[in-house]
Every structure is written in C-alpha cells, then in structure tokens.
Amino acid sequence: MEDARADLGALNTRMAGIGSRLSGDWAEKLQQQLHLDLGTAECAYWHSGYYQALADVIDLMTKPHAIADTADMPSRCLAAG
C-alpha cells in the first residue's frame, strides 16, 4: 500500500508540474492546437507523450514495485527520447 501511495505521489507531482506549464508558459501555444494537424512535429510529440503516459500507467498497474521519478529519463519510444 505504501508503494501505491508513493507511485500516486510521484504521478501527482509530475501532473502538477506539467499542469502549471500548461496553464502558464504553454497556454498560448496550446490555443493554436497544432497537435491536431497530422504530419506536424506537434502531432508527433503529442502522441509520443501520450504513448509514454500509457506505458507509465501500464507499468504502474502490472508491476508490484514503486515507480522512480522518470522526469529526466528517455522515453521508451526512441523517436521521443
């Protein structure tokens, strides 16, 4: 149970950091919604981030160990990392 709390704490911390950037520095960039345009770098980066988020959740759900802070680690998807 303690590991699950640590995992949730790490995820909440990561979300808080990303959330502050999304509502701060990145808010204006997001209004353009370039990630919706197929074939753009923004679209590729969006999908890369989503892929990594899904991989993190699957790891969290299937492995009985605490997750490490992966903020500075490369993505599993070579194109993203």
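The values are calculated or read from the model by the stated rules, or taken from the named source; none is laboratory data. Owing to the predicted nature of the structure, the values given are computational and were not obtained by experimental measurement. Please note: Cβ atoms are built from the backbone with ideal geometry, for glycine as well, and neighbour counts cover all protein chains shown. Protein only, heavy atoms only, side chains kept; ligands, DNA and RNA dropped before computing areas. Shrake-Rupley method; radii C 1.70, N 1.55, O 1.52, S 1.80 Å.
Among residues of the stretch 42-56 that are touching a residue at least 12 places away in the same chain (Cβ under 8 Å), those with a beta-carbon under 6 Å from a residue that is among the small types (Gly, Ala, Ser) at least six positions away or on a different chain give the pairs Ser48/Ala80; Gln52/Ser75.
Within the stretch 1-56, the residues that satisfy the criterion of being over 18 Å from the mean Cα position of the chain (by Cα), open to solvent by 80 Å² or more (accessible area, probe 1.4 Å) and either of a type in the set (A, V, I, L, M, F, W, C) or modelled with pLDDT of 90 or more (or both) are Met1, Leu38, Gly39.
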